[in-house]
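Just below is one structure, and these are the notes that go with it.
Read-outs: derived from the displayed coordinates by stated rules, not from any lab. Keep in mind the model is a prediction, meaning the values are calculated, not measured. Glycine gets a Cβ as well: all are built from the backbone with ideal geometry, and neighbour counts include every protein chain shown.
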Amino acid sequence: MAGLRRLHAVALMPAMKLICHPLTAFDPPLRPASSRRQWMDETPQSHAYRCLPLVVGNQHGWEVFTPSGFTARWTGGDRVEDVSVHPDGPSDRAPASPMSNFGSGILTFEMGFLLRTPPGWNIWVQGPVNGIKDGVAPLSGVIETDWSPYSFTMNWRFTRPGEVRFEADEPIAHIFPVRRDLFDRVTPEIRPIQSDPKTAQAMEEWRLSRADFAGRLREHDADASEEKWQKGYYRGLMPDGDKGSPSHKTKLHVKPFAPAKPKKR
């Protein structure tokens, strides 16, 4: 019953509009974030995709992609001109095109659009979730998009002098809404797990099950070898096989940005 009440509460949450105002003649380079990552594809038998938190994290919002490929170089200096950008073709200053703007080894992307959220909602901006890029690291930021009339940039900082490569359509930013009062509402607290006997028992059942499964894998048990990994969390099941939360997800359905529907007269 408690799980059904939680699901009902989620269902009652009002729908939210996330509005994108393009600031150029180009289409905004925004799309639902992909679940795929090249490094995850390259793991043996793509086993990285067995980690559901990774897969859901990959999809958790929208990604901004650069429209054309380029190479960026940093000499190691602090001047703006110490970062140089070398596009594959003529630069037309499309949204998410790279530039050197701040110095200190920072590569900047001008987004070319303005986001609007309902009152009390911010936008979290970061690099591609679980993305890995050698030689440069994305910087994260939080923007008050319910009132601000200012556009924003996505910034990466070189981790060493040298050059980095971005291909056309490569994601360079990841965005999702977050409540501004989130941390005003959260009260962190430490409690011994024994204070919640039901959770403590479930945790112990899982620990013993995991140890048993790992032992059977080491001994090349046929059933364990066939299963390869325990799928309880992936399937949304408790250690005893009962169903967990009715709102458990193995995949997100993030809607693409689309033109607004004409208002009825």
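Report the net charge of residues surrounding W74, where surrounding means a beta-carbon distance below 12 angstrom and charges are Lys +1, Arg +1, Asp -1, Glu -1.
Once positives and negatives cancel, what remains is 0.
Set Lys and Arg Cβ to +1 and Asp and Glu Cβ to -1, take the dipole of the chain about its Cα centre, and tell me which of P67, A168, A200 lies farthest positive.
Most positive-ward Cα: A200.
How far, in degrees from 0 to 90, does helix 2-12 lean away from the longest principal axis of the Cα atoms of the chain, to the nearest 10?
Tilt of helix 2-12: around 20 degrees.
Does region 2-183 come out rounded, prolate or oblate by the C-alpha gyration tensor, with a ≥ b ≥ c the root eigenvalues, rounded set by a/c under 1.5 and, if not, prolate when a/b is larger than b/c and oblate if not?
oblate
Of K198/K249; K198/K255; K17/K249; K231/K255; K133/K228, which pairs sit farther than 26 Å apart, going by alpha carbon to alpha carbon?
K198/K255; K231/K255; K133/K228
At 0.36 nm per residue, minus the direct Cα-Cα distance, what do E205 and R179 gain on full extension? Give it in nm, one decimal, please.
Taking E205 through R179 to full extension adds about 5.8 nm, to one decimal.
Extending each Cα 7 Å along its Cβ direction at H47 and F213, get the distance between those two points in nm, one decimal.
Inter-label distance under the simple model: 1.3 nm.
Each residue of region 129-134 in turn: what ³J(HN,Hα) in whole Hz from Karplus with 6.51, -1.76, 1.60 and θ = phi - 60°, glycine and Pro shown as x?
4, 6, x, 10, 9, 6
Take each of the peptides 31-38, 70-77, average the number of other beta-carbon atoms within 10 Å over its residues, and list them starting from the highest.
For the peptides 31-38, 70-77, the packing ranking is 70-77, 31-38.
State the extension gain, in nm to one decimal, for the chain segment bounded by K198 and W147, taking 0.36 nm per residue of separation less the distance between their alpha-carbons.
So the extension gain works out to 13.9 nm.
Sorted by packing (mean other beta-carbon atoms within 10 Å per residue), highest first, where do 186-194, 115-123, 174-182, 251-259 land?
My ranking of the peptides, most packed first, is 115-123, 174-182, 251-259, 186-194.
If I take every Cα pair under 8 Å that is 6 or more residues apart in region 2-161, average their sequence separation and divide by the length, what percent do I get for the relative contact order?
22 percent
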